[in-house]
1. Using only Cα atoms, locate the centre of the range 20-39 and the centre of the range 96-122, then give the distance between them in Å, rounded to an integer.
2. Tell me the net charge near A14. Cut-off is 13 Å between Cβ atoms, A14 excluded, with +1 for each Lys or Arg and -1 for each Asp or Glu.
3. Show me the three semi-axes of the equivalent ellipsoid for the range 44-136, from the C-alpha gyration tensor (sqrt of 5 times each eigenvalue), largest first, rounded to whole Å.
4. Sorted by packing (mean other beta-carbon atoms within 10 Å per residue), highest first, where do 125-131, 40-46 land?
5. Which of rounded, prolate or oblate describes the range 117-244 when judged by the alpha-carbon gyration tensor and an a/c cut-off of 1.5?
6. Take every Cα pair under 8 Å in the range 2-243 that's 6+ residues apart, average their separations, divide by the length, and report that relative contact order as a whole percent.
7. Send over the per residue convex hull volume for the chain, Cα only, as a whole number of Å³.
8. Please report the net charge: other residues with Cβ closer than 14 Å to the Cβ of H102, K and R +1, D and E -1.
Amino acid sequence: MIQVYPDPEELSRAAAAFFVDSARRAARAQGRFSVALSGGSTPRRCYELLAAVPLSEQVPWENVHVFWGDERCVPATDSRSNLLMARQGLLNHVPVPGSAIHPMACAGDPEAAAVAYERILRDHFGAAPPRFDLVLLGLGTDGHTASLFPGGDALDETKRWVVPAQLPGQDFRRLTLTLPLLNQAHQVLFLVAGADKAEILARIFGPSTAAKPLPARCIAPAGGAVLWLVDQAAFDGLKDREQR
Ligand code: 6PG
């Protein structure tokens with residue numbers, strides 16, 4: 001399912017409204033809302049809208065449990081940190097209990113951090129299936145999502161929920177949730193904006209000719225739904241392809 005918005009601001013407003021609705025539904029139904037935030041730059045405006053009136057007054061923050069889909073293994077004060085972006089955009093401004101915010105701390109040994117984060121997730125979900133109520137994801141121009149990169153080992157993981165990852169050429173490691181966990185989500189929401197994403201979006205929604213599907217195309221929760229919120233600039237590539 002794909003919804004197109006005129007510009008990044010309208011896309012962010014739609015994403016924030018979707019977040020509010022998901023949080024309220026989950027809090028009513030089960031007393032808590034488990035969400036995995038996306039990194040990158042696209043979600044920042046959505047986070048800022050959630051942190052401001054009126055939306056900030058509509059979310060049952062006391063029931064919200066915050067996780068991350070991935071993280072860069074850099075200090076939490078580093079501008080590349082997904083935790084820092086979420087703190088600045090959202091978490092420093094809303095009353096989510098500190099005990100319900102679960103950063104992917106991995107500035108040390110990524111392998112040990114992956115094991116530790118999986119333990120945090122298992123403690124949170126307990127004996128129940130590990131099903132996030134909402135997973136926010138972005139899309140890289142190479143088709144990656146979270147830190148599941150084309151050709152990366154993390155994409156092939158079939159058992160672990162959290163593994164280290166690395167984008168070749170980057171001088172820092174990452175942690176990422178894996179497909180076995182992501183594909184148990186109740187709801188995945190992709191946020192994609194900008195003309196630079198038009199080509200990859202067309203490849204994601206076009207006929208799959210690649211030997212291995214692009215990572216973002218592997219996000220297909222068996223018992224959940226995927227919704228793509230895209231802006232017109234990103235969608236134009238898809239529209240052009242359909243008209244060929
Ligand atoms: C990360 C993100 C990554 C991001 C995409 C899109 O930590 O890098 O999780 O998957 O969502 O690269 O990034 P932009 O939103 O900045 O285009």
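Just so it is clear, none of the values below were taken in a lab; they were calculated from the coordinates. Keep in mind that this is a model prediction, so the values were computed, not measured. Every residue, glycine among them, receives a Cβ derived from its backbone with ideal geometry; neighbour counts consider all protein chains shown.
1. The range 20-39 and the range 96-122 have Cα centres spaced 19 Å from each other.
2. Result for the local shell: -3.
3. Rounded to whole Å, the semi-axes are 23, 18, 10.
4. 40-46, 125-131
5. prolate
6. Computed over the range 2-243, the figure is 23 percent.
7. Convex hull of Cα atoms, per residue: 121 Å³.
8. 0
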